[in-house]
Amino acid sequence: MKRKIVRIDDEKCTGCGLCVSPCAEGAIEIVNGKARVLREELCDGAGVCLNVCPAGALTIEEREAPAFDPVAAEKNLEAKRAQGASPRCLRCGADETRAVLLFARHRGESTWVCTRCLPVLIHG
Ligand code: SF4
């Protein structure tokens with residue numbers, strides 16, 4: 001099927017890894033120093049990762065790809081959680097099993113914050 005999906009420009013990618021955590025499906029990993037989509041069915045094409053890339057290596061394109069598979073994405077996230085590699089709130093450390101996490105930029109870093117800690121970060 002033809003659908004929207006992330007495209008990674010190898011020439012521009014520096015392998016910094018900033019795009020890995022913002023991907024809510026855990027679809028991106030760094031392999032041999034470059035960002036890679038683990039499996040195309042894990043990418044929902046939402047493009048949350050685009051704005052965190054300092055090199056402009058990420059774009060969304062429309063092309064032939066397997067349909068997004070939310071069940072496979074959840075299994076992938078479960079595996080990452082089991083390895084302790086799931087996103088956590090920068091302030092309290094809660095993971096998505098304990099809180100709703102929002103992707104955020106904070107002091108120049110791409111990070112996650114839970115809805116309980118967000119007001120504290122905004123208002124001090
Ligand atoms: S944020 Fe951009 S430059 Fe960094 S690893 Fe991801 S695609 Fe590559």
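The values are calculated or read from the model by the stated rules, or taken from the named source; none is laboratory data. Computed from a predicted structure; not experimentally measured. Glycine gets a Cβ as well: all are built from the backbone with ideal geometry, and neighbour counts include every protein chain shown.
Annotations for the structure displayed:
- Flag for ALA55 being at pLDDT 90 or above, more than 16 Å from the ligand (Cβ to nearest atom) and not charged (D, E, K, R): no
- Among the residues making up the stretch 37-91, a single one is out of contact with any helix residue (DSSP H, G or I) (no Cβ under 6 Å at 6 or more places or on another chain), crowded, with 19+ Cβ neighbours inside 10 Å and small (Gly, Ala, Ser): ALA57.
- Single residue of the stretch 21-36 satisfying the filter (among the hydrophobic types (A, V, I, L, M, F, W, C) and surrounded by fewer than 20 Cβ atoms within 10 Å (Cβ to Cβ)) that is modelled with the lowest pLDDT: ALA24
- Test: VAL20 is within 11 Å of the ligand (Cβ to nearest atom), outside the structural domain of ARG105 (by TED's automatic domain parsing) and outside any loop (DSSP other than H, G, I, E, B): no
- Meets criteria (of a type outside the set (Ser, Thr, Tyr), near the ligand (Cβ under 10 Å from one of its atoms) and not assigned by TED's automatic domain parsing to the domain that holds CYS114) for LYS34: yes
Results for (1) assigned to a strand (DSSP E or B); (2) touching a Cys at 6+ places or on another chain (Cβ under 6 Å); (3) assigned by TED's automatic domain parsing to the domain that holds PRO119; (4) touching a residue at least 24 places away in the same chain (Cβ under 8 Å), shown as yes or no for each residue.
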| position | (1), (2), (3), (4) |
| --- | --- |
| LYS12 | no, no, no, yes |
| GLU25 | no, no, no, yes |
| ILE30 | yes, no, no, no |
| ALA46 | no, no, no, no |
| PHE68 | no, no, no, yes |
| LEU102 | yes, no, yes, no |
